[in-house]
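K.L.:
Here it is, the structure in full.
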Amino acid sequence: MNIFLIGYRGTGKTTLGKIIARERQMPFIDLDDLIIKNVGKAIPQIFATEGEAKFRDYETQALKQVCEKTGQIISCGGGIVTREENITLLKNNGLVVLLKASPETIFSRIYKDTNRPALTDKDPMEEIKHMLEVRRMAYDKAKDFEVWTDKEKAKRTAERIEEEMKKRFV
């Protein structure tokens, strides 16, 4: 089965995905990297030249592409849940783990990241709080379970995810 890691940017999807993939000896796929490869443009460039809606089209295409295979650990972009179609694809093609962190932790992890454009005209901390609230119901709808990522080292958090998967599903 595929294991999809979802959550806001900075919650540890890529870091934890790589650890889990290594432990399980499964391929790791970062959906954002796949979009960049497929489109031939960096994500900020896509947003700047084609807009968020077109980026979301590319994101859905990439999700469909990875869903053609099984046995992968997939780190999804923070906004993957903004389309109902994507939630259905996630739920029908694997286990969905929601990674969560406080707005303060997220800010401390991403405030220097220039790879993703702002999604609102709010200051960074307010944007984080706003987007977490806007996406909360969609994240909850998509998840099979959630894990908070801001209290422990990544290795221990990955172990907790593994423990939860074993208890519930895999």
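K.L.:
Quick one: which residues, 5+ away or cross-chain, put their amide H under 5 Å from the amide H of Ile29? H built at 1.01 Å from N.
P.N.:
Under 5 Å from the amide H of Ile29: Ile73, Ile74, Ser75.
K.L.:
Only helical DSSP H runs with n ≥ 4 go in: add -39500 (n - 2.57) per run for the chain, normalise by residue count and round the 222 nm mean residue ellipticity to 500 deg cm²/dmol.
P.N.:
Rounded to the nearest 500, the figure is -18000 deg cm²/dmol.
K.L.:
What are the ³J(HN,Hα) values, in whole Hz, obtained from phi via the Karplus relation 6.51 cos²θ - 1.76 cosθ + 1.60 with θ = phi - 60°, for each residue of region 54-65 in sequence order, with x given for Gly and Pro?
P.N.:
With the stated coefficients, region 54-65 comes to 5, 4, 5, 4, 4, 5, 5, 4, 5, 4, 4, 4 Hz.
K.L.:
Say the dipole of the chain comes from +1 at the beta carbon of Lys and Arg and -1 at that of Asp and Glu; which of Ile74, Thr49, Ile110 then lies farthest toward its positive end?
P.N.:
Farthest towards the positive pole: Ile74.
K.L.:
Please sort by residue number the trypsin sites (Lys or Arg not before Pro) in region 1-69 whose DSSP state is loop and whose Cβ has at most 12 other Cβ atoms within 10 Å.
P.N.:
On the way: sites: Arg9, Lys13, Lys18, Arg22, Arg24, Lys37, Lys41, Lys54, Arg56, Lys64, Lys69; in loops: Arg9, Lys41, Lys69.
Answer in residue order: Lys69.
K.L.:
For Lys41 and Lys141, calculate 0.36 nm times their separation in residues minus their Cα-Cα distance, and state this gained length in nm to one decimal.
P.N.:
Working: separation 100, 0.36 × 100 = 36.00 nm, distance 3.08 nm.
Roughly 32.9 nm would be gained on extension.
K.L.:
Nothing charged except the Cβ atoms of Lys and Arg (+1) and of Asp and Glu (-1): what's the magnitude of the dipole of region 2-164 about its Cα centre? Round to the nearest 20 debye.
P.N.:
Numbers: 28 positive and 27 negative charges, 66 e Å.
Roughly 320 debye for region 2-164.
K.L.:
Suppose we flag GluC sites (Glu not before Pro) only when DSSP calls them loop and at most 15 other Cβ atoms lie within 10 Å. Which is the longest uninterrupted stretch of the chain? Intermediate values should be presented prior to the final figure.
P.N.:
Values: sites that count: Glu68, Glu152.
Here the longest run is 69-151.
K.L.:
Explain nothing, just compute: Karplus ³J(HN,Hα) = 6.51 cos²θ - 1.76 cosθ + 1.60, θ = phi - 60°, for every residue of region 81-87 in order, whole Hz, x for Gly and Pro.
P.N.:
Running phi through 6.51 cos²θ - 1.76 cosθ + 1.60 with θ = phi - 60° gives 7, 6, 10, 4, 4, 5, 4 Hz.
K.L.:
Would you grab the residues whose amide H sits under 5 Å from the one on Trp148? Only those 5+ places off in sequence or on another chain, please, with H modelled 1.01 Å from N.
P.N.:
So Trp148 has HN proximity to Lys100.
Laboratory data are not the source of any read-out in this text; all were calculated from the coordinates shown. The structure displayed is predicted, hence computed values, not measured ones. Backbone-built Cβ (ideal geometry, glycine too); neighbour counts: all protein chains shown.
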